[in-house]
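The values are calculated or read from the model by the stated rules, or taken from the named source; none is laboratory data. These numbers come from a predicted model, not from an experiment. Here the Cβ is made from the backbone with ideal geometry for all residues, glycine too, and neighbour counts use every protein chain on show. Side chains are part of the model used for accessible areas, which takes the heavy atoms of the whole protein and leaves out ligands, DNA and RNA. Shrake-Rupley method; radii C 1.70, N 1.55, O 1.52, S 1.80 Å.
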Amino acid sequence: MAKKTECIAMLLAGGQGSRLGVLTKNIAKPAVPYGGKYRIIDFPLSNCVNSGIYTVGVLTQYQPLELNDYIGNGGPWDLDRANGGVHILSPYQQIKGTEWYKGTANAIYQNIQFIDRYNPEYVAVLSGDHIYKMDYAKMLQFHKDKDAACTIAMLEVPWEEASRFGLMFTDDDDRITAFEEKPKNPKSNKASMGVYMFTWSKLRQYLIDDENDPNSSNDFGKNVIPAMHEAGERLFAYGFEGYWKDVGTIDSLWEANLDLLNPKANIDLSDSTWKIYGRGNATAPQYVSDKAVIENSIAAAGCEIEGKIDYSVLFSDVTVEEGAFVDYSIIMPGAVIKKGAVVQYAMVAENAVIEEGAVVGENPEKCEDLEKWGVSVVGAGVNVGKNAKVKAQSMISEDVKEGETV
Amino acid sequence: MMPKNVLGIVYSNSYDASLGALTARRTMGSVPFGGRYRLIDFPLSNLVNSGVTKVGVIANSNFRSLMDHVGSGRPWDLSRKVDGLTMLPQFTPTVVDGNNRIDSLSRIMDFISYAKQEYVVLMDSNFVCNTDLSKLFDFHSKKNADITIAYCTGTLPKLLNQAVLDVNEDAKVTNIGIDVKTTADVNYSANIILIRKALLERLIGDAQSYAYTSFEKDILQKNVSTLNIYGYKIPEWNCTVDSMNTYFEANMELLKKECRRELFNDSTPVYTKVRNDMPVVYGITSECKNSLIADGCQIEGTVRNSIIFRGARVAKGAVVENSILMQDAFVGEDAKLNCVIMDKNTVITPKKVLSGDKSYPLFVGKEIVI
């Protein structure tokens, strides 16, 4: 039996992230690269460690190979521990048969045994696809102070965006009085961040009840939380201030990367008191040549930069050759931008090669029909041939031949 | 020869004195190099990449920063249950001279004897190279050598007891000169020495009974005719740090593509302690040319022909040329630097102008604020 642990975290990392298209063709969404040297999952994992939560279960299901490999023994996050640490929890075979994780609540339900080993008072349920820095310890204190059964992290979003979120109504004591799921005409701007703190004894029972309900879709937001609310449990909203972004779509992932270049966006990764950890590889420092022009950008170790870079994020080991131009773009690890190629308003995935003179993406200011404008995406390992053109909004998963326009 | 059968011994204090102020508060092994490394990363990575699994690091003095850097040996994958890395700090009441190899080795003889490895490879920290030592091990077996000394050809480093080798066409060392006065290209020892453990035990034991002090003179030179000593020429790019000048030049060499290709490659990476800094941030006003920049830097000003270590910052309007900024160094607004080596945590306040010369770089010591 493991040592009793006050609070453990369960990280939902099984999502496919289908809206990220080619970027999640072979990897789960939480393993998608972000911010020059991170992967999305580094944020919740680092938040856990920085908040003093050292037991983390990571629930994987979709394309787990890369994610499992990346997390490994948890060493980079200081989560290789004698007691607790990080555990990969995949669906497994049971006496009654094999079951995939049917929903977020079912994923936790199937791992009740894992949680019980640590006999925790509280369980944090986190999602693996958000970029934010948050002290879960403060949220836990709030949860204890309010004697809550469930505390939901809440962010006040701009009213015009509120209709995209699950919204909450609260009383003066921050107790949740009602929910509203993505309404057309929002009456609240208090959005759920998908970060939950539960009193384990309560959640455990609701998970069992939910599993026994054949009509349930076994989802936290749709079933478990509403059931707790209806039963009159104490549900509270914990107000969070700071940067938070769901990077579930191409546009939001692109924006979230470029937010790092915007001092107003309030996401500071250089803060030594709240480091974001990640598995790094042993790459040399980056080299910027005589011919390079690099402004207002972020670039990671191992890059060789000879071209022009403006307002972009370059991951490790990216090569930008002489005369190439990278503008408003995200270039993932190992990608090569050859001589004279232009990459603008685009995301180029790992190890893709943009050959000489090719043009990827379009500048919205020069786009005649703004309706058709959008970020272009080149998938991992894809070769975009000489002088080929990748149009706005295109998502490329196959090689593009020389001179071709797609 | 199986690399697993070789015990690696790295001297961290090798020739500390030759770097003066740079090693005032650290060992040669913990001298920062190449933007994100410490010199000891090179011997450690070479050993690990060559398949060596057990390494001892001799630390005689000034080794707090070294302990902090090396830790349990994890970055080199040397934090192991079987074998792995062992720090061998000074624990005798009399301070051992860091350059006295015989003393240093006799002090750790029990560590060497207990090791199950049959061979020992001795290495220094001031030799920067990415080399495959398993080739040296194979060379040693093929030649049926008693001792193999790795050497380079070029200008003789200005180091105490520096050995110069005469090597015949069979690669056998026929003569060893110590502290030779010459400006011509010579075959000089890289101080990477492979030897059978039993022989090393005997030689060190004898040396102690005769109160010998110089490994080079009293062990290598004296035995050149009685033992089979062979010379293995290191084929890769390398540099022996023997002064502030060579230190400066070796760093600047890294701005050459060929040199980076030789020193850094994917198959034999140079490992170092991870700092988890964010990637480099280039501001709107930044201008960066021909420079090596490590993670965690914030560049708002101009940087040319320089090596910038992790976490260093160059403010708006500042110009840094031909310089080395070590970890977390800060150059204030509109300051101008040329041929300056800024040690860790140093600060240049706004508008200051500092200039050295390529042949005599100006050094700003650790934590100094100008």
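What you get for the protein assembly as shown, charging only the Cβ of Lys and Arg (+1) and of Asp and Glu (-1), is a dipole of about 1720 debye around the Cα centre.
Using all C-alpha to C-alpha distances in the range B:113-261, build P(r) with 5 Å bins and read off the rounded percent in each one. Calculated P(r), rounded to whole percents: 2, 9, 18, 21, 21, 15, 9, 5, 1, 0, 0. For B:K181, the lysines whose Cα comes closer than 19 Å to its Cα, not counting residues fewer than 8 places off in the same chain, are B:K158, B:K217.
Shown for the protein assembly as shown is the translational diffusion coefficient from the Stokes-Einstein equation, using the Kirkwood radius over Cα pairs, a temperature of 10 °C and a viscosity of 1.306 mPa s: 55 µm²/s. The range A:52-81 and the range A:194-244 have their alpha-carbon centroids 24 Å apart. The percentage of C-alpha pairs in the range B:1-144 whose separation is greater than 23 Å is 32%. Largest mean-square fluctuation among A:G97, A:G278, A:G374, in a Gaussian network model of chain A whose springs join Cα atoms under 10 Å apart, belongs to A:G97. Rg over Rh for the range B:255-370 works out to 0.98, both radii taken from alpha-carbon positions and Rh defined as the Kirkwood radius.
Computed from Cα atoms, the angle from the helix B:133-143 axis to the main principal axis of chain B rounds to 20 degrees.
Around the Cα centre of chain A, unit charges on the Cβ atoms of Lys, Arg, Asp and Glu (plus for the first two, minus for the last two) sum to a dipole of about 820 debye. Among the aspartates and glutamates, select those whose C-alpha is under 12 Å from the C-alpha of B:K358, and discard any that sit fewer than 8 residues away in the same chain. Partners found: B:E249, B:E321. For chain A, the alpha-carbon coordinates run over 63, 50, 44 Å along the three principal axes, in decreasing order.
Inter-part distance, the range B:275-297 to the range B:50-71, computed on C-alpha centroids, equals 29 Å. Entry note, the range B:261-311: relative contact order of 31 percent, from Cα contacts under 8 Å with a spacing of 6+ residues. Per-residue mean of foreign Cβ neighbours for B:292-303 is 4 (Cβ atoms of other chains, 10 Å radius). Using the rule -39500 (n - 2.57) for each DSSP H run of four or more residues, divided by the residues of chain A, the 222 nm mean residue ellipticity is -4500 deg cm²/dmol. Each listed q (0.11 Å⁻¹) maps to a log10 I(q)/I(0) for the range A:58-123, found by the Debye formula over equal Cα scatterers with no solvent: -0.30.
Within straight-line reach of B:K4, meaning a Cα separation under 15 Å, sit the following aspartates and glutamates at least 8 residues removed in sequence or on another chain: B:D77, B:D83, B:E118, B:D132, B:D138. Debye-formula intensities of the range A:202-323, expressed as log10 I(q)/I(0) at q = 0.11, 0.14 Å⁻¹, are -0.64, -0.81 (one equal scatterer per alpha-carbon, no solvent). When each of the peptides A:145-151, B:49-55 is scored by the mean number of other C-beta atoms lying within 10 Å of its residues, the order from highest to lowest reads B:49-55, A:145-151. Comparing Cα centroids, the range B:118-149 and the range A:302-321 end up 38 angstrom apart.
Both chains summed, the buried accessible area for A and B stands near 2700 Å², from protein heavy atoms and a 1.4 Å probe. Can you pull the Kirkwood radius for the range A:324-377, inverse mean 1/r over Cα pairs, to one decimal in Å? Radius from the Kirkwood sum: 11.2 Å. Placing one identical point scatterer on every Cα of the range A:341-406 and ignoring solvent, what is log10 I(q)/I(0) from the Debye formula at q = 0.16, 0.17, 0.20, 0.27 Å⁻¹? Log10 of I(q)/I(0), two decimals: -0.43, -0.48, -0.66, -1.13. Projecting the Cα atoms of A:T5, B:N251, B:V241 onto the charge dipole of the protein assembly as shown (Cβ charges, centred on the Cα centre) puts B:V241 farthest toward the positive pole. For the range B:20-120, chymotrypsin sites (Phe, Trp or Tyr not before Pro) meeting the loop criterion (DSSP other than H, G, I, E, B) and having at most 11 other Cβ atoms within 10 Å: B:F91.
B:F215 sits among other residues whose Cβ lies under 11 Å from its own Cβ, and their net charge, with Lys and Arg +1 and Asp and Glu -1, is 0. Ranked by solvent-accessible area (1.4 Å probe, protein heavy atoms only, all chains present), the residues A:H143, A:H229 order from largest to smallest as A:H229, A:H143. Counting heavy atoms of the protein chains alone, A:Y92 has an accessible area of about 80 Å² for a 1.4 Å probe. Residue by residue along A:299-305, Cβ atoms of other protein chains within 10 Å of the local Cβ number 5 on average. The figure for A:T177 is an accessible area of roughly 70 square angstrom, using a 1.4 Å probe on the protein chains alone. Defining a contact as two alpha carbons under 8 Å apart and six or more residues distant in sequence, what relative contact order in percent does chain B show? Relative contact order, chain B: 15 percent. Across peptide A:268-279, the mean count of Cβ atoms from other chains lying within 10 Å of each residue's own Cβ comes to 3. Between the listed residues B:C129, B:T182, B:F111, the Cα displaced farthest toward the positive end of the dipole of the range B:90-248, a dipole computed from Cβ unit charges relative to the Cα centre, is found at B:F111. Using only side-chain charges placed at the Cβ, +1 for Lys and Arg and -1 for Asp and Glu, the dipole size of chain B relative to its Cα centre rounds to 580 debye. Charge tally for A:G403 (other residues, Cβ to Cβ under 12 Å; Lys, Arg +1; Asp, Glu -1): -1.
Sorted largest first by accessible area at a 1.4 angstrom probe radius, with every protein chain in place, the residues B:S323, B:S79 fall in the order B:S79, B:S323.
The ellipsoid that matches the Cα gyration tensor of chain B has semi-axes, each √(5λ) in whole angstrom, of 38, 21, 19, with the longest given first.
In the elastic network of chain A, a GNM with C-alpha springs shorter than 10 Å, the most mobile of A:I331, A:I112, A:I396 is A:I112. What does the charge count near A:L59 come to, summing +1 for each Lys or Arg and -1 for each Asp or Glu among other residues with Cβ under 15 Å from its Cβ? Once all neighbours under 15 Å are counted, the net charge is -1. Ordering A:N68, A:G36, A:L23 by Cα displacement along the dipole of the range A:19-75 toward the positive end leaves A:L23 in first place; charges were set at the Cβ atoms of Lys, Arg (+1) and Asp, Glu (-1).
Between the DSSP loop rule and a limit of at most 15 other Cβ atoms within 10 Å, which chymotrypsin sites (Phe, Trp or Tyr not before Pro) in the range A:283-325 are left? Of the chymotrypsin sites (Phe, Trp or Tyr not before Pro), not one in the loops of the range A:283-325 has a Cβ with at most 15 other Cβ atoms within 10 Å.
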